[in-house]
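J.: Before we start, here is the structure in question, set down as structure tokens.
The values are calculated or read from the model by the stated rules, or taken from the named source; none is laboratory data. Quantities reported herein were computed from a predicted structural model and do not represent experimental measurements. Glycine gets a Cβ as well: all are built from the backbone with ideal geometry, and neighbour counts include every protein chain shown. Accessible surface areas use protein heavy atoms only, side chains included; no ligands, DNA or RNA. Shrake-Rupley method; radii C 1.70, N 1.55, O 1.52, S 1.80 Å.
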Amino acid sequence: MSEIPVRRTSTITLQFLGMGLIWGSSFLFMKVALEGVSFGQIAWSRLILGGLTLGLIVLATRPRVNGGPVLPREPVVWLHFVLIAITGCVIPHLLFAWAEQYVSSSLASIYNAVTPITTAVLATLAFRVEKLGRSQIIGVFVGIVGVFVIIAPWQYSSLTGDFWGQLACLGAAVSYGITFGYTRKYLSGRPIAGSTFAFLNIGLAGAIMLLLTPVLALSPVSLTWPIVLGLLALGALGTGIAYIWNINVLRAWGPTNASTVTYVTPVVGVVLGVLVLSERFSWHEPLGAGLVLVGILLTQKRLGFAARGTAPDLARAR
């Protein structure tokens, strides 16, 4: 009798670890791909490949909720998905890929971890779907201080590419925060199967990228096997299958526990950046990253005052 729950728990744990590994590795894949393709081609490839992967999964499984349709029929729902496709996929994927022309993959992965803090602020102030407690407000403040320390504005005598690259990473984290707040307010309560939800999000973003093909994807490329494999991993795995795993973990563990993948991805990103690309840090970057982590723990109620509330669905930031 107990063997099935054990197997189920083991499967979910493996999917959680797979999410952290794949999403943490995505910053390395982007850095490698930039050696042969443009930043626009990276975002274009990963969203189209991810949309195709998820589309095949939905086509094969045809998931339904309570016997309803596979795809939603209300036009307003499609409009909501178009908006989160832009804010949650098109904009942040372009920003992160552009930023990695100027900043290390390790630093980009650290900025991705700021997403829970931007989500907490926007979910409270912009969308009013949450209310921050005292420890969460302190966490937001600590996280903002951490970002300030990472950027280190005191060392810039001019506006360098590194500075703008860091701001682009921060902009991507804000864009993710907008997406999570908007999703929670307008889409989370609708009877849409998880895999269908992921497909509509990524698939519509891929469709937008197809429309932008003349702008983003027609420049010359220089492909090698590492670049091709990196793009496939970014698309089919990181922007495709990992989203299904994310849904499974959310349903099994709940959003608060699932969101701890936010702690895993920057560790993977930093370790791979240092070991594979020989990236180095200045003293202020790990210090700022530590402050951001403390801020995340506070905003997710893992430090400070105990509460039974749940965090928003943060685990999808990659």
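J.: Of the residues in region 39-78, how many are more than 17 Å from G206 (Cα to Cα) and polar (S, T, N, Q)?
T.: Within region 39-78, residues that are more than 17 Å from G206 (Cα to Cα) and polar (S, T, N, Q) number 2.
J.: Tell me yes or no: at least one residue of region 166-178 is open to solvent by 10 Å² or more (accessible area, probe 1.4 Å) and modelled with pLDDT under 90.
T.: no
J.: I want to confirm something. Restricting to region 16-69 and keeping residues that are of a type in the set (S, T, N, Q) and within 21 Å of I244 (Cβ to Cβ), which single residue is farthest from the chain's Cα centre (by Cα)?
T.: Result: N66.
J.: Return the residue satisfying two criteria in turn: it lies in region 113-127 and is touching a residue at least 40 places away in the same chain (Cβ under 8 Å) and either in a loop (DSSP other than H, G, I, E, B) or touching a Lys or Arg at 6+ places or on another chain (Cβ under 7 Å) (or both), and of such residues it is surrounded by the fewest Cβ atoms within 10 Å (Cβ to Cβ).
T.: Top of the filtered list is A126.
J.: Which numbered condition trips up L200, out of (1) modelled with pLDDT of 90 or more; (2) surrounded by 24 or more Cβ atoms within 10 Å (Cβ to Cβ); (3) within 24 Å of L272 (Cα to Cα)?
T.: (3)
J.: Moving on to the next point. Report, by residue number, each residue of region 38-59 that is within 12 Å of L212 (Cβ to Cβ) and of a type in the set (F, W, Y).
T.: Within region 38-59, just W44 meets the criteria.
J.: Determine which single condition L210 fails, assuming it passes every other condition in (1) at pLDDT 95 or above; (2) within 16 Å of the chain's Cα centre (by Cα); (3) open to solvent by 20 Å² or more (accessible area, probe 1.4 Å); (4) not β-branched (V, I, T).
T.: Looking at each condition in turn, L210 falls short on (2).
J.: Against the condition of a type in the set (A, V, I, L, M), touching a helix residue (DSSP H, G or I) at 6+ places or on another chain (Cβ under 7 Å) and open to solvent by less than 40 Å² (accessible area, probe 1.4 Å), how does I192 come out, does it pass?
T.: In short, no.
J.: Okay, moving on. Quick check on region 298-315. Is at least one of its residues open to solvent by 30 Å² or more (accessible area, probe 1.4 Å), modelled with pLDDT of 85 or more and β-branched (V, I, T)?
T.: no
J.: Do you know which residues across region 219-261 are under 22 Å from L52 (Cβ atoms) and open to solvent by less than 10 Å² (accessible area, probe 1.4 Å)?
T.: Those that are under 22 Å from L52 (Cβ atoms) and open to solvent by less than 10 Å² (accessible area, probe 1.4 Å): I227, G230, L234, G235, G238, T239, G240, A242, Y243, N246.
J.: May I pose another question? Sort out which residues of region 272-285 are at pLDDT 90 or above and open to solvent by 70 Å² or more (accessible area, probe 1.4 Å), and write them in order of number.
T.: If the condition is that a residue be at pLDDT 90 or above and open to solvent by 70 Å² or more (accessible area, probe 1.4 Å), then L275, V276, S278 are the ones that fit.
J.: Residues being part of a helix (DSSP H, G or I) and more than 16 Å from the chain's Cα centre (by Cα): count how many of those fall in region 171-199.
T.: Residues flagged as part of a helix (DSSP H, G or I) and more than 16 Å from the chain's Cα centre (by Cα) within region 171-199 amount to 5.
J.: If you don't mind, another one. For a quick check of your reading of the model, give me the residue pairs whose first member lies in region 268-288 and is under 11 Å from L107 (Cα atoms), whose second is open to solvent by less than 50 Å² (accessible area, probe 1.4 Å) and part of a loop (DSSP other than H, G, I, E, B), with beta-carbon atoms closer than 6 Å and at least 6 apart or on different chains.
T.: Sorted first by the residue in region 268-288, then by its partner, the pairs are G273/S104; G273/E279; E279/S104.
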